[in-house]
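Taking it in order: structure first as structure tokens, then the write-up.
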């Protein structure tokens with residue numbers, strides 16, 4: 001919400017009565033074959049309010065065979081940078097000065113920042129400065145490794161970035177410029193709003209807020225062009241892979257909380273596939 005991971009952040013706005021009342025970030029799943037699994041909706045931040053897990057989280061990881069995350073921390077640097085291009089030739093002097101300022105704020109080398117894909121740089125710059133590397137995703141993966149559990153990415157690096165990479169350079173620059181125009185106060189206000197929704201454990205509201213905040217960075221037609229691919233289509237692929245993996249392994253699944261909500265969300269799709277779901281508490 002790995003930061004990437006990215007990723008992050010894209011969603012539908014309409015909810016039916018059949019699933020609108022689902023509330024919770026941490027769920028126990030009972031599969032049709034009787035096996036038990038866990039689903040945790042994450043947010044990609046190191047905020048102290050949501051990284052102090054209750055013991056039940058570690059117990060659930062320990063009881064599982066496999067930690068399934070959106071994307072593993074393999075070397076995918078080749079998917080983060082533009083090939084033989086830099087933003088020097090695309091941005092004005094004032095915009096480049098803003099990139100330099102935000103690069104310093106996020107402890108990034110300016111020389112690396114100007115070679116990053118503009119859509120990814122926009123997501124990083126639109127996020128609060130991390131104080132540590134210990135965000136939820138990192139902590140869960142470290143926990144799994146300490147317990148000698150395998151960690152698997154539900155998506156490949158290419159799949160994870162495919163939709164945003166499909167945007168033209170000009171379309172990506174629209175997104176980056178929208179972020180560069182935001183004040184620090186505006187960025188902090190957006191983050192606090194999303195954290196408020198996350199702490200309420202209302203996944204429908206999290207998804208709605210994600211959509212509204214992301215939609216502000218893109219023209220309406222462009223946002224409509226990509227949001228179905230970013231959420232609906234990815235969610236279907238995620239559920240298909242969860243169902244396949246759950247046939248012979250017990251899973252602890254950790255994906256961005258927005259993927260849980262909505263008619264196409266993981267909770268609704270898994271229920272329709274015969275999984276029984278019950279909420280649990282992950283942190284105080």
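Just so it is clear, none of the values below were taken in a lab; they were calculated from the coordinates. None of the values given here were measured: they were computed from a predicted structure. Here the Cβ is made from the backbone with ideal geometry for all residues, glycine too, and neighbour counts use every protein chain on show.
Once both labels are positioned 7 Å from their Cα atoms along Cα-to-Cβ, the gap between residue 36 and residue 63 label points is 0.2 nm. Take every pair of alpha-carbon atoms less than 8 Å apart whose residues are at least six positions apart; their mean separation over the length of segment 178-284 yields a relative contact order of 25 percent.
Label separation (residue 225 vs residue 271): 3.5 nm, computed from points 7 Å beyond Cα along the C-beta direction. Beta bridges assigned by DSSP with both partners in the chain are antiparallel in approximately 50 percent of cases. Out of every Cα-Cα pair that the chain contains, those further apart than 24 angstrom amount to 49 percent.
Maximal additional length on extending the residue 28-residue 248 stretch stands at 77.5 nm, based on 0.36 nm per residue less the C-alpha distance. Full extension of the segment from residue 240 to residue 88, taken as 0.36 nm per residue of separation minus the current Cα-Cα distance, would add 50.5 nm.
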